[in-house]
Amino acid sequence: MRALRGLMAEAQLDPAFEEPFRQWVESRRAVVRELLTRGLDRGELPAGADLELAADQVFGTFWYRLLVGHAPLDPAEAAHHAARVLDGLRGGPENRP
């Protein structure tokens with residue numbers, strides 16, 4: 001994880017590295033958006049769900065924990081974090097399909 005923090009820092013300091021790093025991050029966001037789009041197409045998410053915001057929420061948790069280090073990045077918790085984002089898209093846990 002230290003290496004990824006270093007790359008983020010480098011992207012802030014090196015204009016030549018900023019764009020390739022941004023493209024790499026965007027390629028990861030595209031994967032998440034595709035998964036969310038599939039859920040939308042299957043009717044698992046409501047029409048009009050803000051998939052860009054949902055992708056921000058997924059990555060916001062990741063980057064915040066990575067950069068600040070206030071809580072662990074535990075792969076075992078990934079499903080829990082994903083469920084909370086999906087709950088928000090659906091309007092809460094009581095609205096799950």
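Provide a single number: the residues in the range 45-61 that are under 14 Å from G88 (Cβ atoms) and assigned to a loop (DSSP other than H, G, I, E, B). Write out each step before concluding.
Within the range 45-61, the subset under 14 Å from G88 (Cβ atoms) is 45-46, 48-58, 60-61.
Those left that are additionally assigned to a loop (DSSP other than H, G, I, E, B): 45-46, 48-50.
Going through the range 45-61 one residue at a time, the tally reaches 5.
Looking at (1) in contact (Cβ under 8 Å) with a residue 40 or more places away in the chain; (2) not in a helix (DSSP H, G or I), can you tell me which one L86 breaks?
(2)
May I ask you to list pairs of residues, at least six apart or on different chains, whose Cβ atoms are under 7 Å apart, with the first in the range 33-61 being closer than 17 Å to D87 by Cβ and the second being among the charged types (D, E, K, R)?
L45/R90; P46/R90; L51/R33; A55/R29; A55/R33
If we keep just the residues of the range 35-44 that are exposed (fewer than 12 other Cβ atoms within 10 Å of the Cβ) and in a helix (DSSP H, G or I), which is nearest to the chain's Cα centre (by Cα)? Write out each step before concluding.
Restricting attention to the range 35-44, the residues satisfying the condition of being exposed (fewer than 12 other Cβ atoms within 10 Å of the Cβ) are 38, 41-43.
Subsequent filtering for residues that are in a helix (DSSP H, G or I) retains 38, 41.
Details: R38: 16, D41: 19 Å.
If we take residues in the range 35-44 being exposed (fewer than 12 other Cβ atoms within 10 Å of the Cβ) and in a helix (DSSP H, G or I), then R38 is nearest to the chain's Cα centre (by Cα).
D74 is checked against (1) within 21 Å of L7 (Cα to Cα); (2) under 11 Å from the mean Cα position of the chain (by Cα) and fails just one. What number does that condition carry?
All conditions are met except number (2).
Since V85 meets every condition but one in (1) modelled with pLDDT of 90 or more; (2) open to solvent by less than 80 Å² (accessible area, probe 1.4 Å), which condition does it not meet?
That leaves (1) as the condition not met.
Just to be sure I understand, how many residues within the range 62-80 are open to solvent by less than 70 Å² (accessible area, probe 1.4 Å), in contact (Cβ under 8 Å) with a residue 24 or more places away in the chain and in a helix (DSSP H, G or I)?
2
The values are calculated or read from the model by the stated rules, or taken from the named source; none is laboratory data. Source: prediction; values computed, not measured. Virtual Cβ from ideal backbone geometry, glycine too; neighbours counted across all protein chains shown. Accessible surface is based on the protein model in full, side chains and every heavy atom, while ligands, DNA and RNA are left aside. Shrake-Rupley method; radii C 1.70, N 1.55, O 1.52, S 1.80 Å.
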